[in-house]
Amino acid sequence: MVILHIISSNIDKEATQLMLKKCLFPVAGYGTRFLPATKSMPKEMMPVVDKPLIQYAVEEAMNAGVADMGFVTGRTKRAIEDHFDINYELEKEIAGSGKEQRLSSIRELMSACTFNYTRQHEMKGLGHAILTGRSLVGDNPFGVVLADDLCINPEGPGVLAQMAALFNQFRCTIVAVEEVPEDEIHKYGVIAGEAISDNIIRVTDMVEKPAKEDAPSNLAVIGRYILTPDIFDILEQTPPGKNGEVQITDAILTQAQQGCVLAYRFKGNRFDCGSVPGFIDATNYVYQNLFKG
Ligand code: UTP
């Protein structure tokens, strides 16, 4: 009953707000697990078969109804801006040839969406990166997509679209979770909570990168979030946590304690493309199941 009360009062409060329109892509990290490949190239530009990770991420957001894309970038990341812009020489070179259709997916994104950028000068963690993106999203709910988690749902809407539908219903912060093996739990933020349906859990606790004996469950937060804008004031007050970084997990736990945060067990496959084995798995999956040549 308490849950329903909180949820319905959130709906009343925010009934006039629009659906999810904005998305942040924190892409400032160093990508050290892929050195030397990422020494001067953004890890988000690494191609899974024929498309860079960041394009999959932006396509997922566009398919969730988002048109306003904001990137928190850093040094060595300029290739991302160039990817979402016109390359006149190339366009002229291939105009009228069969190769032109290879640009159709990126052209579609560029005509449907706007792209804005801000720089994170010091890499002080994901929470700090999201706070840096405040000027791009303003006082609006927004999605956060970590491009190195490639999510593919072959049977229906993408993960952010699934979460956006839930957000329209509940109007509170939502994190995507999946079960991970015990020996991998130390890599993730991990939740505890009360199930309100098969796939939805009300979060009561969240721990960043716990030792397996301290993990409150085996449900790990993956790189998809929908955040309500009160997260920014909370992030401003959030001190550095695990590994000396400002952790988004800590700020979301504060939100959960002040109101309601939901964890959503999404439908689809997630590949950890920030790690070499996950990247190889994603490449094989896309090549075998999605690549059209
Ligand atoms: P990761 O820790 O997975 O990315 O951060 P990383 O630091 O680039 O990778 P490794 O561990 O060194 O290989 C998760 C996401 O948060 C972004 C990263 O770009 C990645 O998308 N991030 C992280 C930032 O934008 N800024 C930060 O200060 C930290």
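Please compute the net charge surrounding residue 174, taking Lys and Arg as +1 and Asp and Glu as -1 over other residues with Cβ under 12 Å from its Cβ. Its environment carries a net charge of +4. Across 264, 88, 30, mean-square fluctuation computed from a Gaussian network of the chain (C-alpha pairs under 10 Å connected) peaks at 88.
Under the shape rule built on the C-alpha gyration tensor, where the axes satisfy a ≥ b ≥ c, the range 187-238 is oblate, since a/c reaches at least 1.5 while a/b does not exceed b/c.
Remark: the chain carries a charge dipole of roughly 500 debye about the Cα centre, counting +1 on each Lys and Arg Cβ and -1 on each Asp and Glu Cβ. For residue 113, neighbours were defined as the other residues whose beta-carbon sits under 15 Å from its Cβ, and their charges (Lys and Arg +1, Asp and Glu -1) total -3.
Could you tell me how far the Cα centroid of the range 170-236 sits from the Cα centroid of the range 35-98, in Å? Cα centroid to Cα centroid, the span is 29 Å.
A straight Cα-to-Cα reach below 17 Å connects residue 43 with the lysines 51, 77, residues fewer than 8 places away in its own chain not being considered. Using Cα pairs closer than 8 Å and at least 6 residues apart in sequence, work out the relative contact order for the chain, in percent. Reported relative contact order: 23 percent.
Quick check: net charge around residue 200, other residues with Cβ under 13 Å of its Cβ, Lys/Arg +1 and Asp/Glu -1?
Result for the neighbourhood of residue 200: +1.
Backbone geometry of the range 94-103 corresponds, through the Karplus equation with coefficients 6.51, -1.76 and 1.60 at θ = phi - 60°, to 3J(HN,Hα) couplings of 9, 3, x, 8, x, 6, 4, 5, 5, 9 Hz, x marking Gly and Pro. Positive-end ranking of 256, 191, 269 along the dipole of the range 185-285, with charges on Cβ about the Cα centre, is headed by 269.
Considering only 206, 56, 244, the residue lying farthest towards the positive end of the dipole of the chain is 56, judged by Cα position with unit charges set on Cβ. Counting other Cβ atoms within 10 Å as a rough exposure proxy, the listed residues 208, 100 run 100, 208 from fewest neighbours to most. Taking the number of Cβ atoms within 10 Å of each Cβ as an exposure proxy, the fewest-first ranking of 113, 260, 273, 23 is 113, 260, 273, 23. Considering all alpha-carbon pairs of the chain, what whole percent are spaced by more than 36 angstrom? Within the chain, distances greater than 36 Å cover 13 percent of Cα pairs.
Charge dipole (Cα centre; +1 on Lys/Arg Cβ, -1 on Asp/Glu Cβ; no other charges) of the range 191-259 amounts to roughly 200 debye. Which lysines have a Cα less than 16 Å from the Cα of residue 242, not counting those fewer than 8 places away in the same chain? In chain and number order, the partners are 124, 187, 209, 212. Among 128, 121, 83, 186, sorting on how many other beta-carbon atoms sit within 10 Å of each Cβ, with the fewest leading, yields 121, 186, 83, 128.
In terms of its C-alpha gyration tensor, the range 137-270 comes out rounded, because the ratio a/c of the largest to the smallest axis stays below 1.5.
Read-outs throughout are calculated quantities, based only on the coordinates presented, and are distinct from any laboratory measurement. Just so it is clear, the structure is predicted and the values come from calculations on it, not from any experiment. Heads up, the Cβs are rebuilt from the backbone with ideal geometry, glycines too, and the neighbour counts pull from every protein chain shown.
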